[in-house]
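J.: What follows is a single structure, and I will ask about it in a moment.
The values are calculated or read from the model by the stated rules, or taken from the named source; none is laboratory data. Note that the coordinates shown come from a computational prediction; the quantities given were computed from them, not determined experimentally. With ideal geometry, Cβ positions are generated from the backbone for all residues, glycine too; neighbour counts draw on all protein chains shown.
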Amino acid sequence: MSGVRLLVGTRKGAFILASDGKRERWDISGPHFAGWELYHLKGSPADPNRLYASQSSGWFGQQIQRSNDGGKTWEPVGNKFAYLGVPGTHQWYDGTPHPWEFKRVWHLEPSLTDPDTVYAGVEDAALFRSTDGGQTWLELPELRGVKGHLWQPGAGGLGLHTIVLDPSHPDRIFIAISAAGVFRSDDAGQTWRPMNRGLKSPNELPDPDAEVGHCVHRIAMHSARPSVLFMQKHWDVMRSDDAGESWREVSGNLPTDFGFPIGVHAHQPDTIYVVPIKSDSEHYPPDGKLRVYRSRTGGNEWEALTHGLPQRDCYVNVLRDAMAVDSLDSCGLYFGTTGGQVYGSADAGDRWAPIVRDLPAVLSVEVQTLP
Amino acid sequence: MIRVVLPAHLRTLAGVEGEVKLPVEGPVTQRAVLDALEARYPMLRGTIRDHLTHRRRPFVRFFACKQDLSHEPPDAPLPDAVATAAEPFLIVGAMAGG
């Protein structure tokens, strides 16, 4: 029987939550890498037993872990992330030049076709690629040449947090950086262009329409319609119908258009999900009500999904990598909170239930749909 | 042989229990000990000192013989008691937090 496996990264380790296709009963294993921060774990679409994990610590730095058996056992692989050439500077919070310094891997994105190829988005923002299963990493340095000297960290750091691979154009890669924006390569990372036309940041940038500098929180794509992208920006939910060439706002009737994650239904390319958060200084749901919002029209018209979610006194956050969508016939949706809860819905968000309530703060949630 | 005590997280990462015993050729210095340690356990590269600069990570400390040797030059000789394995070389995660 088919099933799902959730890969949950937290402030103090990783957890793997597994269930059959009903998604009612869950086996929970972990903590893996107890005591370390797990910013992100993700499985290879080409080999679901091949997993990659970003493990880091303020004391001992960055590790990359790899599993070949679906997370039962792990082995450390390469952790040397060296910027190519003289890395130069980006802007610091006060506007002064600041040298590029590697801090951690925020996001790992395995290739759609090759289990040994994986991309890593890092802080300070850069993109690395490994073609030997994570043993060695090589930067794709042209990205930082796209006005990298003007990029400035958001409050959480200058992180490259989103990597989206286009299944219909094998050489096309989208990435997003806080706070620089969206960039696209059509030649497997050799050259890049900023893709931020239509984004507006009147409260964050002196030029609200700047080519770079926007605080993009997450972008999402449906694999069957890769020219359409959805974005949760610092403020504003946005949509592009031309592979990022231009964006328009689709926040519509959301109670607030601030938030972090955004997801797309596995079988309905115009059904999208966000978790509205009150504001950039109040990182919790409005009115203490944890609500996922769903649009069946690709934005603008949103409905609150509340069944099974706390509707009073809830002041958690849902981080950008902490929502995932499975591809079972009845699409499942999952998210984790900074309060340590992981919620799941087996019916596209209509009804929710906690899978686990008391983990460390959740940093990321990915789901694998297993045969 | 040099005796090295790793912090718990690095013991787990390296897959070792208890002290590590390492042969070190030539003068026994921080650099020589760490070179030998990383040669035996490559997964520890980058966890104690930077990959490129080989500078000690900020929240890692080196203790031996009741002394803090963290700020000693990497090529300074370690105490005789470490060189003769009478005392271990301690690699410590610095106190952090409140």
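J.: Suppose we keep only residues that are β-branched (Val, Ile, Thr) and more than 17 Å from B:Lys21 (Cα to Cα) within the stretch B:49-86. Which one would you say is farthest from the other protein chains (Cβ to nearest Cβ)?
T.: Top of the filtered list is B:Thr53.
J.: Being free of Cβ contacts under 8 Å to residues at least 60 places away in the same chain and either within 20 Å of A:Gly259 (Cα to Cα) or not acidic (Asp, Glu) (or both) is the filter here; which residues of the stretch A:327-349 pass it?
T.: Answer for the stretch A:327-349, where residues must be free of Cβ contacts under 8 Å to residues at least 60 places away in the same chain and either within 20 Å of A:Gly259 (Cα to Cα) or not acidic (Asp, Glu) (or both): A:Ser330, A:Thr337, A:Thr338, A:Gly339, A:Gln341, A:Tyr343, A:Ser345.
J.: Name the strands (runs of 3 or more DSSP E) wholly within the stretch A:148-189 that hold at least 2 residues that are polar (S, T, N, Q) and in contact with a helix residue (DSSP H, G or I) (Cβ under 7 Å, 6 or more places away or on another chain)?
T.: Output list is empty.
J.: Same structure, new question: Is there a residue in the stretch A:351-363 that is in contact (Cβ under 8 Å) with a residue 60 or more places away in the chain, assigned to a strand (DSSP E or B) and over 19 Å from A:Val4 (Cβ atoms)?
T.: The answer is yes; a qualifying residue exists.
J.: Residue check: is B:Phe89 within 14 Å of another protein chain (Cβ to nearest Cβ), within 26 Å of A:Asn79 (Cα to Cα), in contact with a strand residue (DSSP E or B) (Cβ under 8 Å, 6 or more places away or on another chain) and aromatic (Phe, Trp, Tyr)?
T.: no
Residue-wise test of (1) surrounded by fewer than 18 Cβ atoms within 10 Å (Cβ to Cβ); (2) more than 17 Å from A:His40 (Cβ to Cβ); (3) within 20 Å of the chain's Cα centre (by Cα); (4) more than 14 Å from every other protein chain (Cβ to nearest Cβ).
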site	(1), (2), (3), (4)
A:Leu84	yes, yes, no, no
A:Pro97	yes, yes, no, yes
A:Val105	no, no, yes, no
A:Gln135	yes, yes, no, no
A:His149	yes, yes, no, yes
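J.: Read through the list (1) modelled with pLDDT of 95 or more; (2) exposed (fewer than 15 other Cβ atoms within 10 Å of the Cβ); (3) over 13 Å from the mean Cα position of the chain (by Cα), then give the number of the only condition that B:Met43 fails.
T.: (2)
Conditions (1) in contact with a Lys or Arg (Cβ under 8 Å, 6 or more places away or on another chain); (2) of a type in the set (Phe, Trp, Tyr); (3) under 21 Å from A:Pro310 (Cβ atoms), marked per residue:
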| residue | (1), (2), (3) |
| --- | --- |
| A:Ser227 | no, no, no |
| A:Met231 | yes, no, no |
| A:Asp236 | yes, no, no |
| A:Val275 | yes, no, yes |
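J.: Whether any residue in the stretch B:18-37 is part of a loop (DSSP other than H, G, I, E, B) and within 14 Å of chain A (Cβ to nearest Cβ) is what I want to check. Reasoning before the result, please.
T.: Residues of the stretch B:18-37 that are part of a loop (DSSP other than H, G, I, E, B), as a first pass: B:18-19, B:23-28.
If we keep only those that are within 14 Å of chain A (Cβ to nearest Cβ) as well, we get none.
No, the stretch B:18-37 has no match at all.
J.: Filter the stretch B:53-90 for residues that are touching a Lys or Arg at 6+ places or on another chain (Cβ under 8 Å) and closer than 26 Å to A:Val105 by Cβ and give the result.
T.: Once the filter is applied, which keeps residues that are touching a Lys or Arg at 6+ places or on another chain (Cβ under 8 Å) and closer than 26 Å to A:Val105 by Cβ, the stretch B:53-90 yields B:His54, B:Arg55, B:Arg56, B:Arg57, B:Val60.
J.: For the list (1) part of a loop (DSSP other than H, G, I, E, B); (2) on the phi < 0 side of the Ramachandran plot; (3) touching a residue at least 12 places away in the same chain (Cβ under 8 Å), I need the number of the one condition that A:Val105 fails.
T.: Checking A:Val105 against (1) part of a loop (DSSP other than H, G, I, E, B); (2) on the phi < 0 side of the Ramachandran plot; (3) touching a residue at least 12 places away in the same chain (Cβ under 8 Å), the one that fails is (1).
J.: Go through A:Gly21, A:Gly35, A:Gly70 for me and flag whichever is surrounded by fewer than 19 Cβ atoms within 10 Å (Cβ to Cβ), at positive phi and away from chain B (no Cβ under 13 Å).
T.: After ruling out the rest, the residue left standing is A:Gly70.
J.: Based on what the data block shows, is A:Ser201 surrounded by fewer than 16 Cβ atoms within 10 Å (Cβ to Cβ) and either part of a loop (DSSP other than H, G, I, E, B) or basic (Lys, Arg) (or both)?
T.: Spelling it out, it is not the case that A:Ser201 is surrounded by fewer than 16 Cβ atoms within 10 Å (Cβ to Cβ) and either part of a loop (DSSP other than H, G, I, E, B) or basic (Lys, Arg) (or both).
J.: Restricted to the stretch A:73-82, and to residues that are loosely packed, with under 15 Cβ neighbours inside 10 Å and either under 28 Å from A:Ala18 (Cα atoms) or β-branched (Val, Ile, Thr) (or both), which residue is farthest from the other protein chains (Cβ to nearest Cβ)?
T.: Looking at the filtered set, the residue picked out is A:Thr73.
J.: Take the residues in the stretch B:16-40 that are surrounded by 14 or more Cβ atoms within 10 Å (Cβ to Cβ) and free of Cβ contacts under 8 Å to residues at least 12 places away in the same chain; name whichever of them is nearest to B:Leu78 (Cα to Cα).
T.: Only one residue tops the list, namely B:Ala32.
J.: Another question, if that's okay. Identify, by number, the condition in (1) modelled with pLDDT under 95; (2) touching a Pro at 6+ places or on another chain (Cβ under 8 Å) that A:Val275 doesn't meet.
T.: Looking at each condition in turn, A:Val275 falls short on (1).
J.: Taking into account only those residues within the stretch B:67-98 that are outside any loop (DSSP other than H, G, I, E, B) and touching a residue at least 60 places away in the same chain (Cβ under 8 Å), which is surrounded by the fewest Cβ atoms within 10 Å (Cβ to Cβ)?
T.: Of everything passing the filter in the stretch B:67-98, B:Val92 is surrounded by the fewest Cβ atoms within 10 Å (Cβ to Cβ).
J.: If A:Asp132 meets every condition in (1) touching a strand residue (DSSP E or B) at 6+ places or on another chain (Cβ under 7 Å); (2) among the acidic types (Asp, Glu); (3) assigned to a loop (DSSP other than H, G, I, E, B) apart from one, which number is that one?
T.: Of (1) touching a strand residue (DSSP E or B) at 6+ places or on another chain (Cβ under 7 Å); (2) among the acidic types (Asp, Glu); (3) assigned to a loop (DSSP other than H, G, I, E, B), only one is false for A:Asp132: (1).
J.: If you take the residues of the stretch A:38-67 that are more than 14 Å from chain B (Cβ to nearest Cβ) and basic (Lys, Arg), which of them is farthest from B:Ala14 (Cα to Cα)?
T.: Per the stated criteria, the residue is A:Lys42.
J.: Restricting attention to the stretch B:2-15, report how many residues are surrounded by 15 or more Cβ atoms within 10 Å (Cβ to Cβ) and within 14 Å of chain A (Cβ to nearest Cβ).
T.: Qualifying residue count, the stretch B:2-15: 8.
J.: With respect to A:Asp270, determine if the residue is buried (at least 23 other Cβ atoms within 10 Å of the Cβ) and either hydroxyl-bearing (Ser, Thr, Tyr) or over 24 Å from A:Glu204 (Cβ atoms) (or both).
T.: For A:Asp270, the condition - buried (at least 23 other Cβ atoms within 10 Å of the Cβ) and either hydroxyl-bearing (Ser, Thr, Tyr) or over 24 Å from A:Glu204 (Cβ atoms) (or both) - is not met.
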